[in-house]
Amino acid sequence: MRKCNTTRENYKHLSSSERDLIAILYAQRLGFREIGVWLKRHYSTISREIKRNGSPVRGEYRSYWAQKRYETRMKETHAKVRLKNDWIRDYVLTKLELKWSPEQIAGRLQLDHPELKTNYESIYQYIYEEKYPLRVHLRRGNRIRKKRFGAKNKHQSRIPNRVLIDERPKEVALHIEPGHWEADTMVSRQSKAALAVMVELVSGIVMLVKIPEKTAKNMSSAINRRLYKIPLVMRKTITYDNGTENAMHEHTNKVLGMKSYFCHPYCSWEKPVVENTNGLVRQFLPKGTDFAKITKAELKVIEKLINSRPRKRHGYLTPQKVYDSFVALCA
């Protein structure tokens, strides 16, 4: 028989082939010391291996399942702990409750507390692997993403004198000049009430107005009321989809001194900023919400929460801060 090497500093974890040999020798009724001699392992290593990774019910030792138990234990033991700092965890929880995204939280943390660092991926893993109930605060945490298909059977909307987005100034899409807007409506199946959503493309500032019904008159009136109060230099263009509620765009242009442009039919993705903004609003007013029951004060709160979120494209400044700086320059 070979001599057993018991030097601890040469210790290594048992390999898969060693577990195969343990299974064979243990099945032949050899004792721990004898098996240890064959493997050049201390007998306590063999004893501990069989106790920890053997069958807990039958008292058997199967090398395949022993290896699986070992790998699972190692994975759990060496799993990386997310957000180790208690202060960071509190910061993350506070901002999640404000409906900030993990990317916004990580970016703003670097501005508020440069000495503390994390990244959005760690926050996502912290939520999904350690604090799964926090998933309700994520924008799409409780939703199954579904493919969206164009409304093939709908007739093209008839909007007088509309100008397609192809003729819109190129700088609008580049988001380099303030004063260009996108508009859309959000509807509820619970009532006829709807929301008019307006967003300025450079700052990302959002304005929300409840309208009693999705009609052209109501939509035009809502846009006129909100945008008339802002400086004229911040009212340049507004981009719509082809919904009939936008049919009075010429009246809006006359009141506000703006120009209007329209997406191609069934291409609402050509106004991506307001489409994304609708998703932000849905965090506070999920599908199934009766807009008729939403008050003006509640909409103001939602506006404020969205406009005070830090944005990556602004170096994690807020849309409100960026918008205010544009208005100040116009004064």
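The values are calculated or read from the model by the stated rules, or taken from the named source; none is laboratory data. As the structure is a computational prediction, the values presented were derived from the model and not from experiment. Note that each Cβ is placed from the backbone with ideal geometry, even for glycine, and that neighbours are counted across all protein chains shown.
The table that follows gives values for the structure above.
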| read-out | value |
| --- | --- |
| Criterion (at pLDDT below 85, under 21 Å from residue 279 (Cβ atoms), out of contact with any strand residue (DSSP E or B) (no Cβ under 8 Å at 6 or more places or on another chain) and surrounded by 14 or more Cβ atoms within 10 Å (Cβ to Cβ)) met by exactly one of 128, 124, 120 | 128 |
| Count of region 172-182 residues which are surrounded by 21 or more Cβ atoms within 10 Å (Cβ to Cβ) and within 23 Å of the chain's Cα centre (by Cα) | 1 |
| Yes/no for residue 303 being part of a helix (DSSP H, G or I) and in contact with a Leu (Cβ under 7 Å, 6 or more places away or on another chain) | yes |
| Within region 268-293, considering residues that are of a type in the set (A, V, I, L, M, F, W, C) and over 19 Å from residue 309 (Cα atoms), the one surrounded by the most Cβ atoms within 10 Å (Cβ to Cβ) | 291 |
| Any pair with Cβ under 6 angstrom, 6 or more apart, that starts in region 294-306 at a residue that is within 17 Å of residue 95 (Cβ to Cβ) and modelled with pLDDT of 95 or more and ends at one that is of a type outside the set (Ser, Thr, Tyr) and not in a helix (DSSP H, G or I) | 306/206 |
| Hits in region 105-128 (condition: part of a loop (DSSP other than H, G, I, E, B) and of a type in the set (Asp, Glu)) | 115 |
| Some residue of region 258-268 being small (Gly, Ala, Ser) and within 20 Å of residue 138 (Cα to Cα) | no |
| Pick from region 225-234, criterion touching a residue at least 40 places away in the same chain (Cβ under 8 Å) and in contact with a strand residue (DSSP E or B) (Cβ under 8 Å, 6 or more places away or on another chain), ranking: surrounded by the most Cβ atoms within 10 Å (Cβ to Cβ) | 227 |
| The lone exception for residue 279 - which of (1) more than 13 Å from residue 208 (Cβ to Cβ); (2) in contact with a strand residue (DSSP E or B) (Cβ under 9 Å, 6 or more places away or on another chain) it fails | (2) |
| Whichever residue in region 82-96 is surrounded by fewer than 19 Cβ atoms within 10 Å (Cβ to Cβ) and without any contact (Cβ under 8 Å) to a residue 40 or more places away in the chain and, among such residues, is nearest to the chain's Cα centre (by Cα) | 94 |
| Neighbours by Cβ (under 7 Å, 6+ apart or cross-chain): first from region 273-285, in contact (Cβ under 8 Å) with a residue 40 or more places away in the chain; second surrounded by fewer than 17 Cβ atoms within 10 Å (Cβ to Cβ) | 275/269; 279/139; 283/139 |
| Exclusive hit being crowded, with 22+ Cβ neighbours inside 10 Å and either modelled with pLDDT of 95 or more or over 22 Å from residue 299 (Cα atoms) (or both), set 237, 252 | 252 |
| Boolean, residue 217 is farther than 28 Å from residue 324 by Cα, of a type in the set (Lys, Arg), modelled with pLDDT of 95 or more and over 32 Å from the mean Cα position of the chain (by Cα) | yes |
| Complete set of residues in region 97-114 that are surrounded by fewer than 21 Cβ atoms within 10 Å (Cβ to Cβ) and free of Cβ contacts under 8 Å to residues at least 60 places away in the same chain | 97, 112, 113, 114 |
